Amino acid sequence: MLRALAVDDERPSLEELLYLLQADPRIGSAEGAGDATEALRRINRALESGPGGPEAIDVVFLDIQMPGLDGLDMARLLTGFARPPLVVFVTAHEDFAVQAFDLKAVDYVLKPVRKERLAEAVRRAAELRGAAPRIPVHEPDPDHLPVELGGVTRFVAVDDITHVEAQGDYARLHTGKGSHLVRIPLSTLEERWRSRGFVRIHRRHLVALRHIGELRLDAGTVSVLVGSEELQVSRRHTRELRDLLMRRP
C-alpha cells in the first residue's frame with residue numbers, strides 16, 4: 001500500500017486530489033500540504049522515520065505553480081535526498097513536462113484530474129515501489145494514439161502525424177494542425193511504427209515517409225522538407241533514407 005503526500009496551494013484542487021487518491025485501493029494513506037515548505041517538513045519527518053517507519057512517504061503528488069518554492073524547485077531538492085519519495089507532477093500546464101522528466105518524475109498528470117488518468121499514475125508508482133503486481137493493459141489501438149490536453153483525452157490518427165521529435169523520455173507528435181506531447185520514448189515509437197512508413201532520420205527525429213515533400217542537399221548537409229518544416233538528416237541515416245525514398249511508390 002502506497003503512502004502518499006499531495007501538495008497544492010489551491011485548497012479545492014488539493015481536496016479533490018486527496019479524495020481521488022483515498023478512493024484508490026493501492027493508496028494506504030494520503031495526506032495534504034498547502035505549499036512546498038510544509039511538504040518538505042513532512043518529508044523530512046518521513047526520512048527520519050525510515051522507509052518502513054510510521055511517518056514514511058512513498059510518493060508525492062506535486063503541483064508545479066505555487067507561491068514561493070514551486071513544484072520543480074521542490075523536486076530538485078528531493079533529488080539530493082538519500083532516499084527521496086517518488087514524484088508525480090499534477091499541473092494545469094503542459095509546458096513543464098520535459099523538465100519533469102529531467103527530474104525523474106514517475107508521471108505528469110494534467111488538471112483537471114480524471115480518475116482514470118490518476119489511477120495510471122498510481123499504478124506506475126506502485127510498480128516502482130513494488131507495492132502492487134503489474135496489471136495487464138489492453139493492447140493500444142494501432143491506428144490512433146491517445147493524447148491529453150487540458151484534462152481531455154483525444155485520439156490522434158497515426159496517419160496524420162508528419163514527424164515526431166524526441167524530448168527526453170517524451171515525444172512530441174507533429175501534425176498539420178499542431179503538436180502533442182506524449183510520455184513515450186522516440187525509440188518505442190520507431191519500433192512500433194516502422195511498418196507504417198516511419199523512419200529515423202536523426203537521433204531527435206522520426207519522420208513519416210509519405211509526408212516528405214523534398215530531399216535537399218546543400219554543401220554536404222542533407223535535410224528533408226516535411227510540410228513547411230525543414231529537418232536535418234544525420235549522416236548515418238542518409239543512405240537508408242535515400243533508398244527508402246527511391247522505393248517509395
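The values are calculated or read from the model by the stated rules, or taken from the named source; none is laboratory data. Worth saying up front: this structure is predicted, and the values here are computed from it rather than measured. Note that each Cβ is placed from the backbone with ideal geometry, even for glycine, and that neighbours are counted across all protein chains shown. Protein only, heavy atoms only, side chains kept; ligands, DNA and RNA dropped before computing areas. Shrake-Rupley method; radii C 1.70, N 1.55, O 1.52, S 1.80 Å.
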Gaussian network model of the chain, Cα within-10 Å springs - most flexible of 21, 217, 145
217
Given Cβ charges of +1 for Lys and Arg and -1 for Asp and Glu, the option among 1, 232, 161 whose Cα lies farthest towards the positive end of the dipole of the chain is 232
Considering only the range 144-247, what is the antiparallel percent among its DSSP beta bridges, to the nearest 5?
100 percent
Candidates 63, 35, 102: whichever shows maximal mean-square fluctuation once the chain is modelled as a Gaussian network with Cα springs under 10 Å:
102
Taking only Cα atoms, what is the 0 to 90° angle, nearest 10, from helix 36-49's long axis to the longest principal axis of the chain?
70 degrees
Just one of [x] 27; [y] 48; [z] 42 is percent of Cα pairs over 28 Å apart as worked out from the coordinates here. Which one is it?
[z]
With a probe of 1.4 Å, find how much accessible area the chain has per residue, and write the answer as a whole number in Å².
54 Å²
May I ask what percent, to the nearest 5, of DSSP beta bridges between residues of the chain are antiparallel?
65 percent
The range 63-127 - convex hull of alpha carbons, volume per residue in Å³
82 Å³
Using a simple charge model, +1 on the beta-carbon of Lys and Arg, -1 on the beta-carbon of Asp and Glu, nothing else, what dipole does the chain show about its Cα centre, in debye to the nearest 20?
1080 debye
With every protein chain kept in the model, how would you rank 188, 238 by accessible area, 1.4 Å probe, largest at the top?
188, 238
Among 223, 49, 228, what's the order by accessible area (1.4 angstrom probe), most exposed first?
228, 49, 223
What are the aspartates and glutamates whose alpha-carbon lies under 19 Å from the alpha-carbon of residue 177, with same-chain residues fewer than 8 places away excluded?
94, 95, 143, 148, 159, 160, 165, 229, 230
Nearest 10 degrees, 0 to 90: what angle lies between the long axis of helix 235-247 and the longest principal axis of the chain (Cα atoms)?
60 degrees
Expressed in nanometres to one decimal, the distance between label points 7 Å along Cα→Cβ at residue 93 and residue 187 is 3.1 nm
Treat each spin label as a single point 7 Å out from the Cα along the C-beta direction, and report the residue 16 to residue 219 distance in nm.
5.3 nm
For the chain, with all protein chains present and a 1.4 Å probe, just round the carbon and sulfur fraction of the accessible area to a whole percent.
50 percent
Rounded to the nearest 10, the angle in degrees between the Cα long axis of helix 11-22 and the longest principal axis of the Cα atoms of the chain comes to 90 degrees
What is the magnitude of the charge dipole of the range 39-95 about its Cα centre, with +1 placed on the Cβ of each Lys and Arg, -1 on the Cβ of each Asp and Glu, and no other charges, expressed in debye to the nearest 20?
300 debye
With labels modelled as points extended 7 Å from the Cα through the Cβ direction, what inter-label distance (nm, one decimal) is found for residue 238 paired with residue 147?
3.2 nm
Quick check: residue separation of residue 179 and residue 247 times 0.36 nm, minus the Cα distance between them. What number comes out in nm?
21.6 nm
